[in-house]
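**Student:** The following block contains the structure, expressed as structure tokens.
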Amino acid sequence: MRDPGLQPERTALAWQRTALAATVAAVLLLRSGLVRGAPLEIAAAGCAAAVVVLWFIAVRRPPTTGSARHVLGAATIAVVLAGLLTAIQVVLLP
């Protein structure tokens, strides 16, 4: 038996978990970047913080057909960019 009301609740909970993980990652990256003087880690922290901002936008914005897709696409880009910046910092600038 399917309950159509559960899907939005699961989506909201997934966004909350993502925002919590992004907040922790942003704080740790920012601390590490400031301690080591690593500008790419600080930039990666900014990308992780952008995911949290996008979560707030997704929660506050009334659901429309394309809005969730745009927010999800922007969050995906921010996560990928944070990963790339962190990888570059680790591989090229040890």
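**Student:** In degrees between 0 and 90, to the nearest 10, how far off the longest principal axis of the chain does helix 67-92 point, with axes built from Cα atoms?
**Tutor:** 20
**Student:** Ignoring ligands, DNA and RNA, please state the percent of accessible area on the chain from carbon and sulfur, probe 1.4 Å.
**Tutor:** About 72 percent, which is the carbon plus sulfur part of the accessible surface.
**Student:** Taking just the alpha carbons, could you work out the radius of gyration and Dmax for the chain, both in angstroms?
**Tutor:** Answer for the chain, Rg first and Dmax second: 15.7, 55 Å.
The values are calculated or read from the model by the stated rules, or taken from the named source; none is laboratory data. Being a predicted model, the structure only gives us computed values, none of them experimental. Just the protein is used for accessible areas: all its heavy atoms, side chains included, with ligands, DNA and RNA removed. Shrake-Rupley method; radii C 1.70, N 1.55, O 1.52, S 1.80 Å.
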